[in-house]
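The values are calculated or read from the model by the stated rules, or taken from the named source; none is laboratory data. Note that the structure is a prediction, hence the values are computed from the model and not measured. Cβ coordinates were reconstructed from backbone atoms using ideal geometry, including for glycine residues, and neighbour counts include every protein chain displayed. All accessible areas refer to the heavy atoms of the entire protein, side chains included, with ligands and DNA or RNA removed. Shrake-Rupley method; radii C 1.70, N 1.55, O 1.52, S 1.80 Å.
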Amino acid sequence: MSSAPRPELDKRFDPQSFEMTWYRLQEESGQFRPEVASEDASPYTLVIPPPNVTGRLHVGHALGRTLEDVLARWKRMQGRAVLWVPGVDHAGIATQMVVERDLMERTGKTRHDVGREPFLEICREWADARRGDILNQIRRLGCSCDYSREYYTLDEPRSRAVRRAFSELYHQGLAYRDSRMVNWCTRCATVLSDLEVNHVESSGQLWSVAYPLEDGSGDLVVATTRPETILGDTAVAVHPEDERYTALVGKRVRLPLTDRLIPVVADEMVDRTFGTGVVKITPAHDPNDFEAGRRHGLAEIAVIGFDGKMTAEAGPAYAGLERAAARKKVLVDLRELGLRRDDKPHTSAVGRCQRCDTVLEPLVSLQWFVKIKPLAEKAVAATEAREVTFTPELWKKTYDEWMKNIRDWCVSRQLWWGHEIPAWYCPEGHVTVPKPGEDADPSACVRCGNVTLTRDPDVFDTWFSSWLMPLSVLGWPEKTKDLSRFYPTDVMVTGFDILFFWVARMIMAGVWFDGRVPFREVFLHGLVRDERGQKMSKTKGNVIDPLVMCDEYGADAVRFALAILSGTGRDLPFGTTRVAASRAFATKVWNAARFAMGMLGEETVAEVPAFASLGRVDRWILDRLSATAAKVNESLGVYRFDEAANALYAFFWTEFCDGYVEMVKQVLRDPEVPEAEKAKTRSVLHRVLLDSLALLHPFMPFISCEIREALNGDGAKLPVLPYPAGRDDWSDPFAVEVVETLRETATRVRNLRAERGMAQTVELAAGLEVPEGPVAEALRAHGPLLVHMARLSSLVVAPKVDLPGAFHEHVGVAGLVVSLPKRDLSPDDEARIRKEIAAVDKEAEGIGRKLADESFLARAPQAVVEKVRRQLEELTARRTKLVTNLGEGTTP
RNA sequence: GGGAGGCUAGCUCAGUGGUAGAGCGCCUGCUUUACACGCAGGUGGUCGGGGGUUCGAUCCCCUCGCCUCCCA
């Protein structure tokens with residue numbers, strides 16, 4: 001195959017010395033572009049979940065990108081036209097926050113001080129300067145993305161898509177503007193969607209306050225967790241069927257701390273068992289009260305403003321106070337008035353800002369919403385029809401549940417950084433939104449023709465651009481070539497934490513705007529934790545930087561560790577010992593290759609001679625290689641990256657290195673073995689190594705190329721070479737049985753020495769008892785090999801073997817007889833043997849009971865009964881030998 | 001309040017209707033000319049408690065306990 005002299009592999013395995021060299025070569029050669037495949041190759045498309053421009057690649061990204069790259073490289077080697085589109089998210093709130101903080105630190109100015117346009121310019125500069133960084137971090141991991149198609153969620157094509165989507169929704173009557181109760185962050189000074197609210201259980205107080213009846217006949221006691229909102233109460237409510245209060249409905253109470261009289265109303269929403277069964281109604285500051293207020297036609301008095309301070313409506317004593325200060329003052333004032341009743345500790349869920357953790361304020365505000373139900377219904381129809389499938393499947397249930405209870409999406413944000421909302425208002429308050437396809441800004445009001453138009457000052461929720469991703473990165477709304485060839489994409493890989501934020505919304509956008517699903521499969525991976533299963537957090541100091549890990553252990557090791565850890569559970573315990581274990585594996589591969597190169601010589605070809613003409617050991621390893629390739633392909637097909645990585649690890653280390661290489665060493669060094677046989681074995685050794693590296697390539701894209709280059713001169717081509725598959729013609733169960741018997745025999749002999757404290761160098765005489773036939777013949781043929789493997793002085797293969805001090809065992813398909821020197825039984829030996837006898841007895845008892853059970857014999861499958869019988873025979877034989885050893889006081 | 005998931009070796013996790021596996025750890029040997037990031041051998045689990053279905057359950061069903069997460 002390769003005729004050029006092979007470059008040496010360094011004795012020391014140093015991933016840093018070659019990883020990025022190979023990456024650059026791969027990227028520059030165009031292998032990451034779908035055009036590298038043939039014209040008629042079927043496409044395989046993925047879109048990278050865009051990392052925030054504010055961020056640095058963290059382990060969660062590293063996991064997702066690794067799994068995507070494994071898929072991309074695997075499919076590419078299978079000849080698909082792989083398109084993996086990379087991109088970066090402009091991250092509305094996050095970026096604005098960082099830039100504002102930076103501005104404050106540098107100049108002491110707020111964004112309002114510098115003004116909107118200059119501030120946006122600063123944001124743009126800042127983001128542009130960082131966009132490259134995050135993509136370079138993705139490169140460091142080895143991701144084979146097509147950078148020629150890179151996207152940025154705030155670039156021109158993506159802006160067109162956002163504008164188009166909004167325009168369509170508006171003209172379909174699905175985007176509307178309304179004054180509603182929303183989640184308001186007083187610190188970020190913007191509205192947030194329901195999804196951006198973190199509900200945090202926190203312990204607080206439940207205060208009881210007496211509201212005097214207007215007629216002086218007593219008072220009603222209400223319980224509240226937010227006394228400062230009393231100032232905005234416009235009613236108190238009781239349950240309509242609560243006899244305690246029915247007589248009071250329609251009467252009025254005097255609102256403490258104010259001079260207002262408010263009605264007592266009856267409403268079904270009141271929980272009679274909560275507190276006294278009387279609740280205060282504050283329509284402007286509580287979502288439930290807001291609904292109740294509209295039902296009863298109550299006034300909405302806002303006593304807390306958008307800045308988190310009390311408004312003039314709260315009265316001169318409170319206006320201007322912070323929420324928390326107002327609460328204290330209200331409580332003190334109520335006490336002075338003698339209106340406080342008992343207080344109780346109380347825990348309740350408080351909504352906090354996902355970004356800054358500030359306690360959110362429910363406030364009534366005029367915002368843009370998307371009526372999402374029609375989209376959700378269409379999306380659910382698509383998932384029901386399995387046009388999109390979920391792995392693991394259980395997430396579909398979660399998705400269904402959310403979709404069923406979905407609420408309208410608040411898409412406007414009071415930020416500057418983001419996609420501006422394409423809505424204009426005339427002095428009359430009419431709304432003008434350009435029609436789909438109209439790219440120019442409107443010049444006059446559509447209703448009244450007034451040319452004085454003001455653009456909506458708000459921007460869209462960042463997710464309003466993200467949800468269009470699979471469409472917009474391929475060029476939608478234009479009918480581009482990429483869109484027709486690569487859409488719908490094949491798979492979306494991401495963490496389950498953004499199932500609602502992103503995955504569900506993308507499905508809705510896909511089916512709504514294009515009529516097709518955005519991807520055919522969703523693979524949701526777990527969350528990366530530290531090695532003890534703890535959530536990573538800055539405060540705990542257990543955050544692991546994947547890039548630092550790449551520098552210390554190599555990207556190949558980081559990737560392999562992530563893949564092998566990505567099991568079926570929700571969490572992945574990741575850390576240095578895991579990565580170190582993967583690096584140890586990489587080192588093993590490296591050293592195995594170094595050894596092989598020494599054995600192969602210059603002229604060895606990797607073309608394997610006819611399978612049937614090969615020796616049994618060679619057929620065994622090819623059988624195992626083929627089975628491993630089949631397993632890897634099968635596992636990757638169902639997103640079981642852990643299974644695939646495990647299969648490769650076990651095959652390469654245990655079967656290839658510890659098994660095959662050790663056996664073949666002897667054969668290749670034995671001057672007695674004919675050169676023609678050695679040549680065959682060398683070609684098999686070569687082939688297995690090359691195929692192993694190919695199988696490994698999606699997981700370890702660098703070391704695989706480095707070694708292929710040294711071994712076969714084709715490292716540069718490896719990413720586009722065919723991926724090995726299982727081969728029916730490389731199957732030989734008999735060879736597997738024989739070789740496995742040889743290996744077990746060697747293990748048992750070594751184990752006998754260890755049990756007796758004998759040095760492994762002591763040679764022993766051994767025999768294998770097996771009736772004459774093909775098995776005996778095969779074992780006899782491998783006699784010299786076994787003598788070497790197990791360090792025997794002699795080996796007999798016969799139906800019956802007699803040796804002095806014989807010790808009998810059953811291994812694989814044969815009976816093992818080993819001649820051991822007699823010696824006194826030590827107390828340790830005796831204890832060990834007694835323990836073993838007890839264990840054997842216990843097991844035999846269970847099995848005996850089974851075999852005595854008529855229903856077992858009648859109903860269990862024949863194969864199982866046979867197996868159990870054999871087990872009992874073996875146990876009985878073992879017991880006899882153990883008892884003999886014990887009884888003699890000596891042991892062979 | 002509603003929903004989901006978990007409980008398997010010291011730790012972190014795979015797994016199967018026929019009495020259990022990996023990595024790391026631990027113990028014992030080993031300068032075996034590819035590899036101590038190694039080699040060889042070993043230790044270690046009534047598969048959360050109880051009940052049921054079954055010839056047989058760690059795996060299916062019920063129940064209890066503990067933990068985690070999501071939604072409201």
State which residue pairs qualify: first residue more than 18 Å from residue A:191 (Cα to Cα) and touching a residue at least 40 places away in the same chain (Cβ under 8 Å) and inside the stretch A:450-479, second residue open to solvent by 30 Å² or more (accessible area, probe 1.4 Å) and assigned to a loop (DSSP other than H, G, I, E, B) in any location, beta carbons under 7 Å apart, and separation of 6 or more residues or different chains. A:474/A:480
Given the stretch A:441-489, what helices (runs of 4 or more DSSP H) lie entirely inside it while holding 3 or more residues that are open to solvent by less than 10 Å² (accessible area, probe 1.4 Å)? A:463-466, A:469-472
Only one of these is outside any loop (DSSP other than H, G, I, E, B) and open to solvent by 70 Å² or more (accessible area, probe 1.4 Å): A:396, A:378, A:435. Name it. A:378
Condition first: touching an Asp or Glu at 6+ places or on another chain (Cβ under 7 Å) and of a type in the set (D, E, K, R). Now tell me which residues in the stretch A:679-698 satisfy that. A:680
If we keep just the residues of the stretch A:801-819 that are at pLDDT 80 or above and over 18 Å from residue A:870 (Cα atoms), which is nearest to RNA strand B (Cβ to nearest atom)? A:818
Leading residue by the ranking (farthest from residue A:65 (Cα to Cα)) among those in the stretch A:693-717 that are open to solvent by 10 Å² or more (accessible area, probe 1.4 Å) and in a loop (DSSP other than H, G, I, E, B): A:713
Being open to solvent by less than 10 Å² (accessible area, probe 1.4 Å) and in a loop (DSSP other than H, G, I, E, B) is the filter; apply it to the stretch A:769-796 and report the residue that is nearest to RNA strand B (Cβ to nearest atom). A:790
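Residue by residue, here is whether (1) in contact with a helix residue (DSSP H, G or I) (Cβ under 7 Å, 6 or more places away or on another chain); (2) touching a residue at least 12 places away in the same chain (Cβ under 8 Å); (3) open to solvent by 70 Å² or more (accessible area, probe 1.4 Å); (4) over 18 Å from residue A:209 (Cβ atoms) holds:
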| site | (1), (2), (3), (4) |
| --- | --- |
| A:297 | no, no, no, yes |
| A:300 | yes, yes, yes, yes |
| A:306 | no, yes, yes, yes |
| A:321 | yes, yes, no, yes |
| A:328 | no, no, yes, no |
| A:332 | no, no, yes, no |
| A:335 | no, no, yes, no |
| A:342 | no, yes, yes, no |
| A:345 | no, yes, yes, no |
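Filter the stretch A:741-758 down to residues that are among the aliphatic types (A, V, I, L, M) and closer than 21 Å to residue A:802 by Cα and give me whichever is farthest from RNA strand B (Cβ to nearest atom). Step through it out loud before you land on a result.
Here is the first cut: in the stretch A:741-758, the residues among the aliphatic types (A, V, I, L, M) are A:742, A:746, A:749, A:752, A:754, A:758.
The next check asks that each one be closer than 21 Å to residue A:802 by Cα; those that pass are A:742, A:746, A:749, A:752.
Values: A:742: 12, A:746: 7, A:749: 9, A:752: 9 Å.
Out of the qualifying residues, it is A:742.
Only one residue in A:211, A:176 is in contact (Cβ under 8 Å) with a residue 40 or more places away in the chain and surrounded by 21 or more Cβ atoms within 10 Å (Cβ to Cβ), so which one is that?
On the way: A:176 fails: surrounded by 21 or more Cβ atoms within 10 Å (Cβ to Cβ).
That would be A:211, the only listed residue that is in contact (Cβ under 8 Å) with a residue 40 or more places away in the chain and surrounded by 21 or more Cβ atoms within 10 Å (Cβ to Cβ).
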Look at residue A:761 and say whether it is within 15 Å of RNA strand B (Cβ to nearest atom), more than 47 Å from the chain's Cα centre (by Cα) and under 25 Å from residue A:656 (Cα atoms). yes
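Return yes when residue A:738 is within 15 Å of RNA strand B (Cβ to nearest atom) and in a helix (DSSP H, G or I) and no when it is not.
Details: within 15 Å of RNA strand B (Cβ to nearest atom): no; in a helix (DSSP H, G or I): yes.
Against the criterion (within 15 Å of RNA strand B (Cβ to nearest atom) and in a helix (DSSP H, G or I)), residue A:738 does not qualify.
Got a number for residues in the stretch A:574-619 being basic (Lys, Arg) and more than 10 Å from RNA strand B (Cβ to nearest atom)? Walk me through how you get there before you give the answer.
To start, the set of residues in the stretch A:574-619 that are basic (Lys, Arg) comprises A:578, A:583, A:588, A:594, A:616, A:619.
Now narrow it down to the ones that are more than 10 Å from RNA strand B (Cβ to nearest atom): A:616, A:619.
The number of residues fulfilling the criteria is 2.
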Hey, could you check the stretch A:511-556 for residues that are away from RNA strand B (no atom under 16 Å from the Cβ) and closer than 22 Å to residue A:73 by Cβ and say which is most open to solvent (accessible area, probe 1.4 Å)? A:520
Name the residues in the stretch A:718-768 that are buried (at least 19 other Cβ atoms within 10 Å of the Cβ) and β-branched (Val, Ile, Thr), would you? A:738, A:739, A:741, A:745, A:749
Among the listed residues A:888, A:845, A:873, A:830, which satisfies the condition of being at pLDDT 75 or above and more than 8 Å from RNA strand B (Cβ to nearest atom)? A:873
For a quick check of your reading of the model, give me the residue pairs whose first member lies in the stretch A:571-591 and is among the polar types (S, T, N, Q), whose second is within 6 Å of RNA strand B (Cβ to nearest atom) and assigned to a helix (DSSP H, G or I), with beta-carbon atoms closer than 7 Å and at least 6 apart or on different chains. none
